[in-house]
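Structure provided below as C-alpha cells; questions to follow.
The values are calculated or read from the model by the stated rules, or taken from the named source; none is laboratory data. Just so we're clear, the structure is a prediction, and the values are computed from it rather than from any experiment. Cβ: placed from backbone, ideal geometry, glycine included. Neighbour counts: every protein chain shown.
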C-alpha cells in the first residue's frame with residue numbers, strides 16, 4: 001500500500017480510538033452505562049492495536065501475534081479466576097504490569113537510538129525516556145509491594161526505619177543527578193542503568209512505610225502514575241493516542257487520590273510519608289481498660305433486630321476478611337421479609353481500595369441502590385433503630401468529631417453512634433488501623449457482638465429464622 | 001523530534017488531561033473500583049508502544065526487540081486482564097431484581 005495513505009489510515013484510527021476512550025471513560029462514570037463504557041474502551045484499544053500492527057513488517061508479525069495470544073490467554077484466565085475479595089491486589093498487580101511495560105518500551109527505544117550510529121538522540125527524547133523510565137519503575141515496584149501487602153504475602157503494616165525519609169531523599173537526588181547526566185550524554189548507558197535501578201528501589205521504599213488502611217490512597221496514586229508513565233512513553237514515541245489515554249488515566253487516578261485523602265482528612269504528603277498511627281499505638285495501648293463495654297449474645301442480638309423497624313449496616317475491611325458479605329445479604333433479605341428497612345452506609349475509605357465495599361456487596365447480590373454514601377445517610381442514623389457495624393472501626397469513631405487530640409480528629413465519619421442501638425460485630429477489642437481507642441464501644445447504646453463476623457452473623461440469621 | 005512537534009504533543013497532553021478531570025470529577029463512589037480497574041486497562045495502551053518496539057528485524061538491535069516483546073507480554077496482560085476483570089465486576093452491579 002502507498003506509504004502515505006497507510007500513515008493517514010493509522011493516524012485516523014488513533015483519532016477514532018482516542019474519541020472512543022473518552023466516551024468510554026465518561027460512560028464508566030454512570031452506573032447504568034458503565035459496562036458499555038468499558039466495552040467501548042476495549043474496542044478503542046483493539047482499534048489502536050490493529051492500526052499499530054499495520055505499521056509493522058509482515059516478517060515480525062509471528063512473534064507479536066504469539067506474544068499477544070499468550071498474554072491474552074494468561075490475562076483472561078487470571079481475570080476470570082480471581083475472587084472478588086482479591087480485587088484490590090488484582091488491580092495493583094495489573095497496574096504494576098502497565099508500569100513495567102512503560103519502562104521496557106522506553107528502554108527499548110532508548111537502546112535503539114543509543115546504538116544506532118545514524119541517529120543523534122534529541123534532547124526531548126532523552127528527557128522523556130528518563131521520565132518514562134522513572135515513573136514506570138516506581139509504578140512497577142510500588143504496585144508489586146502494594147500487591148504483596150494486600151494479598152498478605154508481605155507484612156501489611158507500615159514498615160519504617162530511622163532515617164527513612166533522608167535516605168529516600170538522597171536516593172532521589174542521586175537519581176536526579178544521573179538523569180541529568182543521561183540527558184546530557186545520552187549514549188552512555190551506565191546512567192540509564194543507574195536511573196532505572198534507583199527508580200525501582202524508590203518504588204519499593206516509598207510504599208513499604210504505608211500501612212493497610214492507607215492503601216486506597218496508594219492504589220489510586222499508583223493508578224495515576226501508570227497513566228502518566230504511558231503518557232511520557234507517548235512523548236518518547238511521538239504517539240498521540242498514548243498521550244491522550246495516558247492523560248485520561250493520570251487524571252482519573254489523581255481525582256480518586258484526592259477523594260480518598262479528603263475522606264480521611266489527611267494530606268497526600270502525610271499519607272506518602274507513611275507510618276500513620278505508629279506513635280499513638282504505644283500511647284493508647286495502656287489505656288485499653290478505660291472503656292467499659294457491654295457484650296451481647298447472638299440470641300439477644302437477633303431479638304433486637306427482630307423488634308427494630310429500621311437497620312443500617314456499616315461494613316468495613318473486617319467484613320471482607322471474614323468473607324461475611326453473603327451471609328450479610330441473607331440477613332438483609334430476612335429482615336426485609338419482616339418489613340424492616342435495611343440500608344448500607346458506605347464510608348469512602350472503607351476497605352482497601354476505593355469502592356471496595358461496593359464490589360463485595362455487589363458480588364453478594366446486594367442491589368447497589370441500597371448502598372448509601374456517607375453524606376446522604378449521616379442524617380438518618382438518629383432515626384434508625386439499630387446500626388450494625390461489621391468489621392469497621394476508625395470510620396465510626398466519634399473521636400473524629402469530638403476529640404481534637406485524636407490523630408483522626410476532623411476525619412469525616414459515619415454517625416453510627418447516633419442510632420438508638422449500635423451492635424458492633426468484632427473479633428476482639430483490638431484497635432483499628434489508626435491504633436486508637438474507639439470510645440463508641442463504651443457508649444451506653446453500644447453492644448459488642450464478639451466473634452468472627454461470618455460465624456456470628458450466621459448464628460444471628462439462624463435465630464432470626466426461628467422467630 | 002522538532003520543537004513544533006513537541007508543542008503539538010503538549011497541547012494534546014494538556015487538553016486530554018483537562019477532559020479527564022472534567023469527566024471523572026463526579027463519578028459516584030459505587031463505581032470507584034470499576035473505574036480504577038477500567039482506567040488501569042486503558043493505561044495498558046503502552047501495548048501500542050510495545051508493538052512498535054517489537055518491530056526491528058532480527059539481527060538489528062536485538063535487545064530493543066527483546067525488550068519490546070517482554071513489554072508486549074506485560075501490556076497484553078494489563079489490557080486483557082484489566083478489561084475482563086472490569087467487565088466481570090460491572091456485570092454484578094444490579095438494581096433490585
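Looking at segment A:441-463, can you tell me whether even one residue there is surrounded by 20 or more Cβ atoms within 10 Å (Cβ to Cβ) and assigned to a loop (DSSP other than H, G, I, E, B)?
Within segment A:441-463 (the criterion being surrounded by 20 or more Cβ atoms within 10 Å (Cβ to Cβ) and assigned to a loop (DSSP other than H, G, I, E, B)), the answer is no, since none of the residues qualifies.
From the list A:366, A:359, which one is facing another protein chain (nearest Cβ under 10 Å), assigned to a loop (DSSP other than H, G, I, E, B) and over 23 Å from residue A:467 (Cα atoms)?
Among A:366, A:359, only A:366 is facing another protein chain (nearest Cβ under 10 Å), assigned to a loop (DSSP other than H, G, I, E, B) and over 23 Å from residue A:467 (Cα atoms).
Tell me whether segment A:379-401 contains one or more residues that are out of contact with any strand residue (DSSP E or B) (no Cβ under 8 Å at 6 or more places or on another chain), without any contact (Cβ under 8 Å) to a residue 60 or more places away in the chain, surrounded by fewer than 20 Cβ atoms within 10 Å (Cβ to Cβ) and closer than 30 Å to residue B:92 by Cβ.
Yes - at least one qualifying residue is present in segment A:379-401.
Taking residue A:412, is it within 14 Å of chain B (Cβ to nearest Cβ), touching a helix residue (DSSP H, G or I) at 6+ places or on another chain (Cβ under 7 Å) and more than 25 Å from residue A:450 (Cα to Cα)?
It is true that residue A:412 is within 14 Å of chain B (Cβ to nearest Cβ), touching a helix residue (DSSP H, G or I) at 6+ places or on another chain (Cβ under 7 Å) and more than 25 Å from residue A:450 (Cα to Cα).
Does segment A:76-89 contain at least one residue that is more than 7 Å from every other protein chain (Cβ to nearest Cβ), modelled with pLDDT of 90 or more and over 23 Å from the mean Cα position of the chain (by Cα)?
Among the residues of segment A:76-89, not one is more than 7 Å from every other protein chain (Cβ to nearest Cβ), modelled with pLDDT of 90 or more and over 23 Å from the mean Cα position of the chain (by Cα), which makes the answer no.
Out of all the residues in segment A:90-106, is one or more surrounded by 20 or more Cβ atoms within 10 Å (Cβ to Cβ), over 25 Å from the mean Cα position of the chain (by Cα) and on the phi < 0 side of the Ramachandran plot?
Yes, there is a match, as at least one residue in segment A:90-106 is surrounded by 20 or more Cβ atoms within 10 Å (Cβ to Cβ), over 25 Å from the mean Cα position of the chain (by Cα) and on the phi < 0 side of the Ramachandran plot.
Hey, another quick one. Of the residues in segment A:40-69, how many are facing another protein chain (nearest Cβ under 7 Å) and within 28 Å of the chain's Cα centre (by Cα)?
Within segment A:40-69, residues that are facing another protein chain (nearest Cβ under 7 Å) and within 28 Å of the chain's Cα centre (by Cα) number 6.
Let me ask another. Quick check on residue A:31: is it free of Cβ contacts under 8 Å to residues at least 12 places away in the same chain and either surrounded by 18 or more Cβ atoms within 10 Å (Cβ to Cβ) or within 7 Å of chain B (Cβ to nearest Cβ) (or both)?
no
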